[in-house]
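Please read the structure below before turning to the comments.
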Amino acid sequence: MRIRVISDYYIMKFSYTLLKQLVPAIKGKKELIEKLDFYLFEAEDMGGDVLNIEVQPNRFSDAASHWGLAREISAIYGKKFPIPQPKNSIAKNKNLFRVSVKNKNFCPRYRAQYFDNVRVNESPQWMRKILMDCGLRPINGIVDIMNYVMLETGQPLHAFDYDKVKNITVRLAKKGEKIKTLDNKDYVLNESTLVIADDKKPIAIAGVKGGKDAEIDKNTTKIIVEAANFDGANIYKTSGFLGLKTDASIRFSHNINPELTALGLNRAAELLKGVAGAKAGEICDVNSVKPGKKLIKINLGKISSLIGVDFDFKTIKNNLDVLGFGIKIPAKGMSRYPAPEFLVEPPYLRQDIETWEDVAEEVGRIYGLNRVKSAPPKISLSPSGFEDKIVLKDKIRRVLVGFGLSEIYNYAFIGDKELSLSSVWKDEVIELENPISNQAKYLRPSLAAHLLKNIESNFRFFGSFKIFEIGNIFWKEDGKYREQTKLGMVFASEKKELFFELKGAISELFKKIGLVDYFMPEINGKGDWLSGFTDNYLEKDGTVQIESSGRVFGYLGKVKNNAVSGSAAMAEIDLDELLKLVVEEHEYLPLPKYPSVMRDVSVAVSDFTRVGDIMQAIQAANEKCIDDVDLIDEYKDSYTFRIVFQANDRTLTDEEVNKEMAKIEKLLQNRFRATIR
C-alpha cells in the first residue's frame, strides 16, 4: 500500500473491489466516497478501482486496513462487520526453530510460524490486481500473500526461507554491522537499530525491510512467517537514520496494537494453505505485553449534552454495537440519577478510545454530525462581578492617562532587600519554594517595593515624571493565602514637592469614577497598622490614609529623602475595596411630586429569549411615563415584570395606564411571541 504523508494525516490507497466484497451493502463508488466524507475520513476517487483515503495518525491500528475500513463502512450502513478475534492458544516450539527477544521494550511481541510444503508460484490474478491498485508490485506468491495480508489486516508480515535461518534473535545491531536488503542496497547500522538476526548476522532491519540473506526464492519449500510488533519511536528513528521509509516502517512508527500480530498471522496461514498449498506447523509467540480490558463509564445525559442530541439508550447501544464496542450493564442495572449510566468496552484495536468524550464522538459520528441541528447555547445568567472590576480598571487607566500619567508594569516577585522596607511584611510575606533567583524569593505584599525602584530608575533620565501601576499583591493571613488588586501612583520631581498635586489627582480620579464620600485624615497613633506598613519609606508626618464609610482602603504619603534621590509622593489604593464603595454610591434625586402607578405583567416566552431584551423593550415603549421596570418573579419560562408609571407634571389616570399596558402587551406578543398570562 502506497502511503503519502500530508500535514497531520496520511493518504492511503485502497481497493474499491476488495471493500465491495467485504461490504456488499455498498451501492456504488460515488455513494461510498460521500459516506466516508460524512462519517469517517476524506476520500477521493482516483479512477478504476483505486480510492485515496486520508487516515488519521491515531487510527492506524484499526482503520489503516481493508478490514478496518470495512467495519467502519458497515457501521455507517447500520450493520456489524465481524473482524476475526485472534487466537491466543500457543503451540510451544521445541525442535524446528527458536525465537529470542533480547530487548522487549523495543519488541513487545514477536509471533512466528513454521510452514512447509510451500510452492513459490505466481500469485492469483485477483490478488495481484488488488496489490497493484494499492500501489504494491507483485513479486511471487509468498511475498504477495505477506503484502496482501498487510492490506487486509494492517499487520506487516515478513517471510524467511527456513533453510537459510533456523534460529531468530531480536536484538540491537552492533556498531558498524552491515546488511544487504532485498533491493540489493547495503546499509551500515548503528547501535540503536533493532534487527532480526540469525546466529551470525542480521537478516532483516526490524520493522523496516527484510534482508537478502534470508530471501524467498524459487527453490524455497519451507518458510518462517514473522508477525511482530515493534516500538514506534525506535522504528521512526531507524527509518530516519537509514533514509529508508517503507509501508511497514510507517505503520510501526504509529505504535500499532500488538494484538494485530495474531490477526495477521492467522490470516496468512489461511492464504498460504489455500494459495501456496502450504502446511502450517508450530508457532512460537514471545509476548511480553498482555492485553487488558478497558472499561469506560458512560453517562447518557453527558453524551446527549455534548453532542446536542437527546439520545436514548437504545440509539447509543446500536451505534456502538455496530462499531464493535461492548456494552456492560452493572449487575444492579443502570443507575437512573442524574442520568442512566453504563460501562462500555472499546474494541481491542481501538487504541484511540480513552475517555467518555471519545465514546461520545463515536456515537455522534455514526449518528451523523450533519444531522445535528444548530441551536444557540443555553447559559444561565449570573450577576456581574469580575466584569465590573475590569470596567473599573479600564476607566481608571483612561482617567490617569488623561491626567498625564504613564502606566508601568513590574514583576510580582521581590527579594530580601525589598522585604526590609517594612517591618510588617516579614510576618505575612509568601516565600516561593523554587525561586528563580535570590532577587525573586517572595511574592510582593505591596506595589511600593518596585515603585521605589521605578522612582530611582526614572530619575536617571527625567527631572520629573508621573507613573501608575495596576497589579496584584499577595500575603498570608490566618494560615491562608490572600490576593488583592492594587493601584499604585507616584508623582516625582527633582525640584518641587508634588504631595498635594498627587492628592488632587486622587480626588479628581474618585470624582470621575463616581466616589464622592471619602476622607484623607492624617495617621494618628504609633501602633496604627498603616504606620508600621510604611515606616521605612514614607515620612510619618506626611502620610494620610484614604477611607470611606469607615473603611481604610489606601494611603498617600511623601517618600523619605533617604529612600530616593529626589522628591516624590506615593499612593497605594485597594481596587477591590474601591469597587465596593463605587457600587454603593447612590445618586441624589428630588422626591417626585406626583404619585406613581405600579402594574405587573406575566409572560411566557421561549428558552432563547433574553430577559434584558424584554425589559429594554418595555422601558422604550414610553420613556416619558415609564419610570422603572423590574423582574420580580421567575418560574421556568415564565416571568413577571413590575412596571412603574410616573409623570413629572401630573397624576396618571387608570385609563392612561391601561392604554400603555395594552400597548406593552401587544409589543411583547409581536416582538417576542410572548403569551400573556
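Worth pointing out:
- In the set Ser305, Ser374, only one residue is in a helix (DSSP H, G or I) and at pLDDT below 90; that residue is Ser305.
- Of the numbered criteria (1) part of a helix (DSSP H, G or I); (2) crowded, with 17+ Cβ neighbours inside 10 Å; (3) of a type outside the set (A, V, I, L, M), the one Trp126 fails is (2).
- Test: Ile366 is outside any loop (DSSP other than H, G, I, E, B), among the hydrophobic types (A, V, I, L, M, F, W, C) and in the same structural domain as Gly471 (by TED's automatic domain parsing): no
- For the stretch 460-477, a residue qualifies if it is among the hydrophobic types (A, V, I, L, M, F, W, C) and farther than 26 Å from Tyr442 by Cβ, and the qualifying residues are Phe461, Phe462, Phe465.
- Single unsatisfied condition, Leu260 versus (1) in contact with a helix residue (DSSP H, G or I) (Cβ under 7 Å, 6 or more places away or on another chain); (2) at pLDDT below 90: (2)
- Cross-chain or 6+ apart pairs with Cβ under 6 Å, the stretch 309-326 first and touching a residue at least 24 places away in the same chain (Cβ under 8 Å) and farther than 12 Å from Ile76 by Cα, then surrounded by 14 or more Cβ atoms within 10 Å (Cβ to Cβ) and charged (D, E, K, R): none
- Residue that is nearest to Phe115 (Cα to Cα), among those in the stretch 130-154 that are small (Gly, Ala, Ser) and either buried (at least 23 other Cβ atoms within 10 Å of the Cβ) or not assigned by TED's automatic domain parsing to the domain that holds Arg251 (or both): Gly141
- Any hit, the stretch 241-254, residues being basic (Lys, Arg), surrounded by 19 or more Cβ atoms within 10 Å (Cβ to Cβ) and either part of a loop (DSSP other than H, G, I, E, B) or out of contact with any Lys or Arg (no Cβ under 8 Å at 6 or more places or on another chain) (or both): yes
- Residue pairs whose Cβ atoms lie under 6 Å apart, separated by 6 or more positions or on different chains, with the first residue in the stretch 649-677 and within 18 Å of Pro595 (Cα to Cα) and the second of a type in the set (A, V, I, L, M) and modelled with pLDDT of 90 or more, are Leu652/Val597; Val657/Val597.
Results for (1) within 25 Å of Glu508 (Cα to Cα); (2) free of Cβ contacts under 8 Å to residues at least 40 places away in the same chain; (3) touching a Ser or Thr at 6+ places or on another chain (Cβ under 7 Å); (4) surrounded by fewer than 18 Cβ atoms within 10 Å (Cβ to Cβ), shown as yes or no for each residue.
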| position | (1), (2), (3), (4) |
| --- | --- |
| Gly402 | yes, yes, no, yes |
| Lys417 | no, yes, no, yes |
| Leu421 | no, no, no, no |
| Ile430 | no, no, no, yes |
| Asn434 | no, yes, no, yes |
| Ser437 | no, yes, no, yes |
| Arg444 | no, yes, no, no |
| Ala448 | yes, no, no, no |
| Lys476 | no, no, no, yes |
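- Looking at Leu182, Leu157, Leu194, Leu172, just one residue is over 19 Å from Asp285 (Cα atoms) and at pLDDT 95 or above, and that residue is Leu172.
- Considering the conditions (1) over 34 Å from the mean Cα position of the chain (by Cα); (2) modelled with pLDDT of 95 or more, Val208 is excluded by exactly one of them, (1).
For (1) among the small types (Gly, Ala, Ser); (2) over 25 Å from Lys378 (Cβ atoms), each residue gets a yes or a no:
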residue	(1), (2)
Arg599	no, yes
Ser602	yes, no
Thr609	no, no
Asp628	no, yes
Asp633	no, no
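- Meets criteria (at pLDDT 90 or above and over 44 Å from the mean Cα position of the chain (by Cα)) for Lys666: yes
- Flag for Asn524 being polar (S, T, N, Q) and modelled with pLDDT under 80: yes
- Which numbered condition Lys104 misses (of (1) within 22 Å of Ile83 (Cβ to Cβ); (2) surrounded by fewer than 22 Cβ atoms within 10 Å (Cβ to Cβ)): (1)
- Residues that are more than 15 Å from Met146 (Cβ to Cβ) and surrounded by 15 or more Cβ atoms within 10 Å (Cβ to Cβ), drawn from the stretch 181-200: Thr181, Tyr187, Leu189, Asn190, Thr193, Leu194, Val195, Ala197, Asp198
- Any hit, the stretch 388-396, residues being assigned by TED's automatic domain parsing to the domain that holds Lys302, modelled with pLDDT of 90 or more and outside any loop (DSSP other than H, G, I, E, B): no
- Residue in the stretch 264-299 that is surrounded by the fewest Cβ atoms within 10 Å (Cβ to Cβ), counting only those that are assigned to a loop (DSSP other than H, G, I, E, B) and over 38 Å from the mean Cα position of the chain (by Cα): Gly277
- Matching residues in the stretch 211-240 - criterion: being in a helix (DSSP H, G or I) and in contact with a helix residue (DSSP H, G or I) (Cβ under 7 Å, 6 or more places away or on another chain): Asp213, Ala214, Gly232, Ile235, Ser239
- Taking the conditions (1) touching a helix residue (DSSP H, G or I) at 6+ places or on another chain (Cβ under 9 Å); (2) modelled with pLDDT of 90 or more; (3) part of a loop (DSSP other than H, G, I, E, B) in turn, Tyr409 satisfies each one other than (1).
- Counting the residues of the stretch 462-476 that are of a type in the set (Lys, Arg) and in contact with a Gly (Cβ under 9 Å, 6 or more places away or on another chain) gives 1.
- There is no residue in the stretch 188-195 that is assigned by TED's automatic domain parsing to the domain that holds Ala280, of a type in the set (S, T, N, Q) and more than 39 Å from the chain's Cα centre (by Cα).
- Taking the stretch 431-483 as the range and being among the acidic types (Asp, Glu) and in contact with a strand residue (DSSP E or B) (Cβ under 9 Å, 6 or more places away or on another chain) as the test, the residues that pass are Glu431, Glu469, Glu483.
- One residue from Asp649, Asp607, Asp600, Asp654 being surrounded by fewer than 15 Cβ atoms within 10 Å (Cβ to Cβ) and either of a type in the set (Val, Ile, Thr) or within 42 Å of the chain's Cα centre (by Cα) (or both): Asp607
The values are calculated or read from the model by the stated rules, or taken from the named source; none is laboratory data. As the structure is a computational prediction, the values presented were derived from the model and not from experiment. Virtual Cβ from ideal backbone geometry, glycine too; neighbours counted across all protein chains shown.
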